[in-house]
Amino acid sequence: RLEVDPEKSVRKITKDRIYSLALSPDKSNVVVAAGDKSGRFGLWAVDSSNDVGSDGVFSARPHSATLSDIQFNRTEPNKVFTSSYDGRVMMIDTHTTSGFQEIYNNGGDAGYFEMAFMDNGKGMYLARDDGGLSQLDLRSGTVVNDWQLHEKKINTVNLRPGKEHYISTASLDRSCGVFDSRNMKQALHVLPHALSLN
C-alpha cells in the first residue's frame, strides 16, 4: 500500500513552510498536526469526511512567530500543545470549539523550541533559545525551575523513559548534555560535536 492518492492522501494544512509535525497517539484515527514558520497550526484527521472545512483541515494561527513544536498529550490525545519563538505555550482541546488556550507566556524573554512531557502529565520541560531549560507545572501554569544549561539555544530536550529525572539536551553550542533533575548544578555527561545538534 505504498501509494499516494492526491485526492485522499495529500492536504495543504499550513500556509507557509512546515516547521513542526506530530501524529496523534490515538491508534483509532490517523491525525496529523503541523505548525508553520508564521505561527499557523493545521490539524488533519486523515480518514475523516470533509466536515471541518472544504478539505477536511482545521486551521488557526495561535502564535505570532514560528510554531516550533507540537505535542499530543499521551493520556488525553484530544489535547494538543504548541510552543513557539514568541515565548508562549498554547493548548487546544479538539473535543471543544473554544479554540486555543494560553498555558504559559514568558513575556518574550525567550523563544521556546522543543517540549518534553513528564509521564504523569502534570508538567513539561521547555527548551529555550537562550540555552536555558524551563520546567513548567501544567496544573498551575507556572515555571517551577529554570536552569541555564548551554551557551546557545537548546534545540532538543528528551526525558529517559521510566527514569525521567534523566534529561538529555542537544544545543546549537555543539554539545549534548545529560542531566539529573535532582541536581542540575552540572551535567552528568557532555558530548561535544563538530556542529549544531538537533
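The values are calculated or read from the model by the stated rules, or taken from the named source; none is laboratory data. Keep in mind that this is a model prediction, so the values were computed, not measured. In this analysis, Cβ positions are derived from the backbone assuming ideal geometry, glycine residues included, and neighbour counts consider all displayed protein chains. Heads up: the accessible areas ignore ligands, DNA and RNA and are worked out on the full protein's heavy atoms, side chains in. Shrake-Rupley method; radii C 1.70, N 1.55, O 1.52, S 1.80 Å.
Rounded to the nearest percent, how much of the accessible area of the chain (1.4 Å probe, protein heavy atoms only) is carbon and sulfur?
Reported share for carbon and sulfur atoms: 48 percent.
Out of every Cα-Cα pair in region 141-198, what percent are more than 17 Å apart? The partial results should precede the final answer.
Details: 605 of 1653 pairs.
The share of Cα pairs beyond 17 Å in region 141-198 comes to 37 percent.
Restricting the calculation to Cα positions, tell me the Rg (one decimal) and the Dmax (whole number) of region 101-198 in Å.
Just the Cα atoms of region 101-198 yield Rg and Dmax of 12.8, 40 Å.
Can you say what percent of the DSSP beta bridges in the chain, counting only those with both residues inside, are antiparallel? Round to 5.
Among the beta bridges of the chain, antiparallel pairing accounts for roughly 100 percent.
Using a cut-off of 14 Å between beta-carbons, work out the net charge of the residues near residue 18 (Lys and Arg +1, Asp and Glu -1, residue 18 not included). Walk me through the numbers before you get to the answer.
Numbers: positive: 11, 12, 15, 17, 37, 40; negative: 16, 36, 69.
Around residue 18, the surrounding residues sum to +3.
Could you run the Karplus curve 6.51 cos²θ - 1.76 cosθ + 1.60 with θ = phi - 60° over region 68-83 and give me ³J(HN,Hα) per residue in whole Hz, x for Gly and Pro?
Values, residue by residue: 8, 8, 10, 9, 7, 5, 5, 8, 10, x, 6, 9, 10, 9, 10, 10 Hz.
Given the pairs 79/122; 8/37; 122/163; 37/153, which are separated by over 23 angstrom at their Cα positions?
Values: 79/122 13 Å; 8/37 25 Å; 122/163 16 Å; 37/153 18 Å.
From 79/122; 8/37; 122/163; 37/153, over 23 Å: 8/37.
Would you mind counting up the charge near residue 134? Only other residues with Cβ under 11 Å from its Cβ, with Lys and Arg at +1 and Asp and Glu at -1. All intermediate terms of the calculation are to be shown ahead of the outcome.
Details: positive: 128; negative: 109, 130, 137, 146.
After counting each charged neighbour, the total is -3.
Tell me the net charge near residue 72. Cut-off is 13 Å between Cβ atoms, residue 72 excluded, with +1 for each Lys or Arg and -1 for each Asp or Glu. Show your work: numbers first, answer last.
On the way: positive: 27, 74, 79; negative: 26, 69, 76, 93.
My count for the surroundings of residue 72 gives -1.
In region 1-154, what is the volume of the convex hull around the alpha carbon atoms, normalised per residue and reported in Å³? Spell out each step's value before the answer.
Working: hull volume 20.1 nm³, N = 154.
Here the figure is 131 Å³ per residue.
Could you derive backbone 3J(HN,Hα) for region 90-107 from the dihedral phi with the Karplus parameters 6.51, -1.76 and 1.60 (θ = phi - 60°), listing whole Hz in sequence and x where the residue is Gly or Pro?
10, 9, 10, 9, 6, 8, 10, 10, 7, x, 7, 10, 6, 8, 7, 9, 8, x
Using a 1.4 Å probe, what is the accessible area per residue for the chain, in Å²? The partial results should precede the final answer.
Details: 11000 Å² over 198 residues.
Accessible area per residue, the chain: 56 Å².
Arrange the residues 165, 95, 150, 189 by how much accessible surface each exposes, largest first, with a 1.4 angstrom probe. Provide the component values of the computation, followed by the final result.
Details: 165 45, 95 150, 150 15, 189 110 Å².
These residues rank, largest area first, as 95, 189, 165, 150.
Which loop-located trypsin sites (Lys or Arg not before Pro) does region 111-198 contain, where loop means any DSSP state but H, G, I, E or B and the Cβ has at most 13 other Cβ atoms within 10 Å?
Details: sites: 122, 128, 139, 152, 153, 163, 174, 182, 185; in loops: 122, 139, 152, 153, 163, 174, 182, 185.
When the trypsin sites (Lys or Arg not before Pro) of region 111-198 are filtered for loop state and at most 13 Cβ neighbours within 10 Å, 122, 139, 163, 182, 185 remain.
Work out the FRET efficiency for residue 144 and residue 5 from their Cβ-Cβ distance, taking R0 = 41 Å, and round it to the nearest 0.05. Working shown, then result.
Values: r = 48 Å, r/R0 = 1.16.
According to the calculation, E is roughly 0.30.
List the relative contact order of the chain as a percent without decimals, with contacts defined as Cα pairs under 8 Å and 6+ residues apart. Numbers along the way, then the final one.
Details: 497 pairs, mean separation 19.9, N = 198.
It comes to 10 percent, rounded to a whole number.
Positive end of the charge dipole of region 81-197 (Lys, Arg +1 and Asp, Glu -1 on Cβ, about the Cα centre): tell me which of 145, 181, 131 has its Cα farthest that way.
Checking the options against the dipole of region 81-197, the answer is 181.
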